[in-house]
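See structure below.
The values are calculated or read from the model by the stated rules, or taken from the named source; none is laboratory data. These numbers were taken from a predicted model, which means no experiment stands behind them. Note that we place each Cβ from the backbone using ideal geometry, even for glycine, and neighbour counts take in every protein chain shown. Heads up: the accessible areas ignore ligands, DNA and RNA and are worked out on the full protein's heavy atoms, side chains in. Shrake-Rupley method; radii C 1.70, N 1.55, O 1.52, S 1.80 Å.
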Amino acid sequence: MTSLSLDGLRREYGATVAVDRVDLEMQQGELVALLGPSGCGKTTTLRMVAGFVAPTSGRVVIGGRDVTAAPPYARDTGMVFQGYALFPHMSVAENVGFGLEMRRVPRAERGARIAEALRLVRLEGLAERRPAQLSGGQQQRVALARALVVNPAVFLLDEPLSNLDARLRAEVRVEIRALQQRLGLTTLFVTHDQEEALTMADRLVVMQGGRVRQTGTPEEVYERPADLFVAGFIGSCNILRGVVEAPGAFRAGAMALPCAGGAPGERAALVVRPERIAIGPEGRLPGRIDLVTYLGGTTEWHVTTDAGALRVSQKTPDAADPRRLLRRGDGVMLDWRPEAGRLLSDSNEGEQA
Amino acid sequence: MNESGRAAGRPVAALVLPAVVLVLLMMVAPMVLLFRYSLNIFSPTELMIQALTARNYLSAVTDPYYLAVMATTIRMAVLCTLIALAAGFPAAYTLARMRGRWKAWLTLATVFPLMVGNVVRAAGWMTLLGNAGLLNAALKASGLFPDPVQLMYTPMAVALGIVTVVLPYMILTLASVIEGIPRGLEEAALNLGARPLTVFRRVVLPLALPGVVAGSALVFILCMNAYATPILLGGPQFTMMAPAVYDQFVKTTNWPFGAALAFILLAVTLALTLAGRALLQRRRHPA
Ligand SMILES: Nc1ncnc2c1ncn2[C@@H]1O[C@H](COP(=O)(O)OP(=O)(O)OP(=O)(O)O)[C@@H](O)[C@H]1O
Ligand SMILES: [Mg+2]
């Protein structure tokens, strides 16, 4: 069942187009991450769903009802704001109970549901505290509980983790995902952190300049990026420019490189993920090491080749492995499987990330 | 600046010293002197006889005339404060939520009336409200009221005059507090299903309460001490405390009694302001 659908959403601010032609269909219980660089229109899109920004054109449909013209209080969305927006003059319990009160839930039931929501976010003991007496992480949980407790048709989160430190962020990320799956909440999540999006979302919507560049599962978006922008934005990648010589053969500089498909004569960019490149004494592409970066579990080698500079990332080899001895200036061979080399049209617009 | 000041207390003390001296000289000294006068005895021939008596206070609080004047003053001050609050809040909210160039212009427009003296402003109201004034001319021209309607020298005229004097103070005080209430709180309430009026009642108003308290106290004090407006717009039949005090000093030259009236006015104003504040703050923290 479709719980949220966005249909050709567009929003202009004077001459700037903040959001343009955004389409999205979300199924019940799905978590979709809106991902993109700063200013790409994520917040504006989310706020159009919540009803705080009126679309210039397009429609917002929640649970089969067209709410494009409905005020925020009549939309049944639960939003977690970036700064949490907890009511400072109310206790934690009052904050969480506010939405229930607005829905005229009887007092006794309200108490039980507040307690249940606080238990879900593991804040049982803090019901009588004021928001100012809570840590950032605890405030964040109150904001979650406040939005969850009313069982909204759509759960909206605008960078809810950006105010937390790295450790807490990783923890809360898992918690939100578990909670969302347990409660079957249809969730639209804004973030500019690709790792956050990849780990949490069922599907990603990658935006740039107000437009959707690609929609798909994390795997689809990572493995089969639609364009150079998406390839560069999700994960890191090597981009080589050249011409397709024959299907499966890509010429960059003096080198013929393996790639998947392609029409002969086509100018294109070859995209290869660093972890898909094998490095060693054998291979198709000779190169010279510029830099070795040891990162513990993985090691990165920056290699200059005739086709261009490439970054290679592999699990750190065993101590006995000769690759452990590779140093700056050493000659190496690189190689990758043809299907790891993805051909994308070589447009410049994709690179302004 | 604040922090370095706290770190080294002495330089800051030196900075406030001139202000302290000025206040002591210009405000506290006259007050002490005035209080001393209020304990003296009035004599029509010698004007003032040194004494230490509460007689002036006693006769003031037992005189039905002055009790009535005080009642009029309090009623008018309460009424004007409430009107200023009701009219000022929407204006302050609009001002506080405004952005950019418009905000600067609107703030200027709010302050602008303060640049006109009270007497000049009252004169303006007179030309508007008088029997031959603009409003009556319009009423007459409309044919509905062939005879002039008494607008001047009514409590309504006084209230109108006072409210327009104090409104900017109320608006600016409220706006400065409302500006500190994040817009996101209102959005959160809307998102949770609260209608705009509920958002106002449950979120904006409680958080703006310090501004309501400060603005009302400021305006109430100004109203209790209104002088020019009640005289010019209220006429001889309508008396408030400040003009009554003035009359004692200048017309009757009864300085001791005038001083006693002044201190009674001060005490009543202070007591009512504190009582009002306590009342509002109790609403904020029930139980
Ligand atoms: N109220 C507004 N008035 C004018 N322009 C706006 C307004 N809100 C957003 N914009 C513009 O619309 C574009 C998209 O803004 P939006 O806040 O949606 O970006 P975002 O993707 O959320 O970015 P970030 O990651 O920095 O939060 C930006 O160029 C921004 O300047
Ligand atoms: Mg944003």
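Given H placed 1.01 Å from N in the peptide plane, which residues other than close sequence neighbours of residue A:250 have an amide H under 5 Å from its amide H?
Correct list: A:245, A:257, A:259.
For region B:75-239, what is the charge dipole size about the Cα centre, in debye to the nearest 20, if Lys and Arg each add +1 at the Cβ and Asp and Glu each add -1 at the Cβ?
So the magnitude is around 340 debye.
Give the distance, in whole Å, between the Cα centre of region A:127-153 and the Cα centre of region B:160-187.
Measuring centre to centre over Cα atoms gives 30 Å.
Describe numerically, in nm with one decimal, the distance between label points set 7 Å from Cα along Cα→Cβ at residue B:79 and at residue A:166.
6.9 nm
Amide H neighbours of residue A:298 under 5 Å, at least 5 residues apart or on other chains, H built in the peptide plane: list them.
Answer set, sorted by chain and number: A:316.
Rounded to whole Å and ordered largest first, report the semi-axes of the equivalent ellipsoid of region B:75-239 derived from its Cα gyration tensor (root of 5λ).
The equivalent ellipsoid of region B:75-239 has semi-axes of 35, 18, 15 Å.
If each DSSP helix of 4+ residues adds -39,500 (n - 2.57) and the sum is divided by the residues in chain B, what number results at 222 nm, nearest 500 deg cm²/dmol?
Computed ellipticity for chain B at 222 nm equals -23500 deg cm²/dmol.
Using θ = phi - 60° and the Karplus curve 6.51 cos²θ - 1.76 cosθ + 1.60, what whole-Hz ³J(HN,Hα) does each residue of region A:4-19 get, with Gly and Pro shown as x?
Per-residue couplings from phi come out as 9, 9, 10, 10, x, 5, 8, 9, 10, 10, x, 8, 8, 9, 6, 9 Hz.
By what distance, in whole Å, do the Cα atoms of chain A stretch along each of the three principal axes, largest value first?
75, 49, 35
Report the calculated FRET efficiency for residue B:55 and residue B:19 (r = Cβ-Cβ distance, R0 = 30 Å), to the nearest 0.05.
For R0 = 30 Å, the calculated efficiency reads 0.20.
Using a 1.4 Å probe on the heavy atoms of the protein chains only, list every residue of region B:158-196 that has 50 Å² or more less accessible area in the complete assembly than in its chain alone.
Listed by number, the residues meeting the 50 Å² cut-off are B:185, B:187, B:190, B:191, B:192.
Under the definition of Cα pairs under 8 Å and six or more residues apart, what whole-number percent is the relative contact order of chain A?
Computed value for chain A: 16 percent relative contact order.
Suppose each label sits 7 Å from its Cα in the direction of the beta carbon; what would the residue B:280-residue A:74 distance come out to in nanometres?
The modelled label-to-label distance comes out at 3.5 nm.
Of B:139, B:104, B:192, which is farthest on the positive side of the dipole of region B:75-239, counting Cα position, with +1 on Lys and Arg Cβ, -1 on Asp and Glu Cβ, and the Cα centre as origin?
B:192
Rounded to whole Å and sorted largest first, what semi-axes of the equivalent ellipsoid does the C-alpha gyration tensor of chain B yield via the square root of 5 times each eigenvalue?
Here the semi-axes work out to 37, 31, 19 Å.
Quick one: longest stretch of chain B between exposed loop trypsin sites (Lys or Arg not before Pro), exposed meaning at most 11 other C-beta atoms within 10 Å and loop per DSSP?
It works out to B:100-250.
Write out the GluC sites (Glu not before Pro) in region A:45-147 meeting two conditions: DSSP loop, and at most 10 other Cβ atoms within 10 Å of their Cβ.
Listed in order of number, the matching sites are A:128.
Roughly how crowded by other chains is peptide A:154-167, in terms of the mean Cβ count from those chains within 10 Å of each of its Cβ atoms?
That works out to 0 on average.
In what sequence, largest accessible area first, do A:271, B:111 appear using a 1.4 Å probe?
Solvent-accessible surface, decreasing: B:111, A:271.
In whole Å, what is the distance between the alpha-carbon centres of region B:41-95 and region A:298-332?
What the calculation gives is 90 Å, centre to centre.
In what sequence, largest accessible area first, do B:268, B:119 appear using a 1.4 Å probe?
These residues rank, largest area first, as B:119, B:268.
Could you bin all the Cα-Cα distances of the protein assembly as shown into 10 Å bins starting at 0 and give me the percent of pairs in each, rounded to whole numbers?
Binned Cα distances yield the sequence 3, 11, 15, 16, 14, 13, 10, 7, 5, 4, 2, 0, 0.
Describe numerically, in nm with one decimal, the distance between label points set 7 Å from Cα along Cα→Cβ at residue B:105 and at residue A:316.
Modelled inter-label distance: 6.5 nm.
Taking R0 as 30 Å, what FRET efficiency do you get between residue A:174 and residue A:112 from their Cβ-Cβ distance, rounded to the nearest 0.05?
About 0.65, to the nearest 0.05.
Using the charge dipole of the protein assembly as shown (Lys, Arg: +1 at Cβ; Asp, Glu: -1 at Cβ; taken about the Cα centre), state which of A:111, B:148, B:222 has its Cα farthest towards the positive end.
Towards the positive end, the residue furthest out is B:148.
Pop out the ³J(HN,Hα) list for region A:296-312 in order, Karplus 6.51 cos²θ - 1.76 cosθ + 1.60 with θ = phi - 60°, rounded to Hz; leave Gly and Pro as x.
x, x, 10, 10, 10, 10, 9, 10, 9, 10, 5, 7, x, 7, 10, 10, 10
Using amide H atoms built in the peptide plane, which far-off residues or other-chain residues are under 5 Å from residue A:3 H to H?
HN-HN under 5 Å from residue A:3: A:26, A:27, A:28.
How crowded by other chains is A:146-152, given as the mean number of beta carbons from other chains within 10 Å of each beta carbon?
If you average over the peptide's residues, the count of other-chain Cβ atoms is 2.
Could you please state how large a percent of the accessible area of region A:1-125 is carbon and sulfur, counting protein chains only and using a 1.4 Å probe?
That fraction is 49 percent.
Are there GluC sites (Glu not before Pro) in region A:219-310 that DSSP marks as loop and that have at most 14 other Cβ atoms within 10 Å, and which are they?
A:266, A:282
Determine the distance separating the Cα centre of region A:240-271 from the Cα centre of region B:243-262; give it in Å without decimals.
About 102 Å separates the Cα centre of region A:240-271 from the one of region B:243-262.
Report, to the nearest whole %, how much of the accessible area of region B:75-239 belongs to carbon and sulfur atoms, 1.4 Å probe, protein only.
73 percent
Can you give the mean number of other chain Cβ atoms that lie within 10 Å of the Cβ atoms in peptide B:202-213?
2
Mean Kyte-Doolittle of at least -1.0 plus a Cα span of 24 Å or more along the axis: flag which DSSP H helices in chain A meet both, please.
Qualifying helices: A:166-183.
Quick one: compute the contact order of region B:218-287, relative version, from alpha carbon pairs under 8 angstrom and 6+ residues apart, as a percent.
Averaging sequence separation for qualifying contacts and normalising by length gives 26 percent for region B:218-287.
So if each residue of separation counts as 0.36 nm, and I subtract the Cα-Cα distance between residue B:114 and residue B:41, what length gain in nm does that give?
Length gained, residue B:114 through residue B:41: 22.3 nm.
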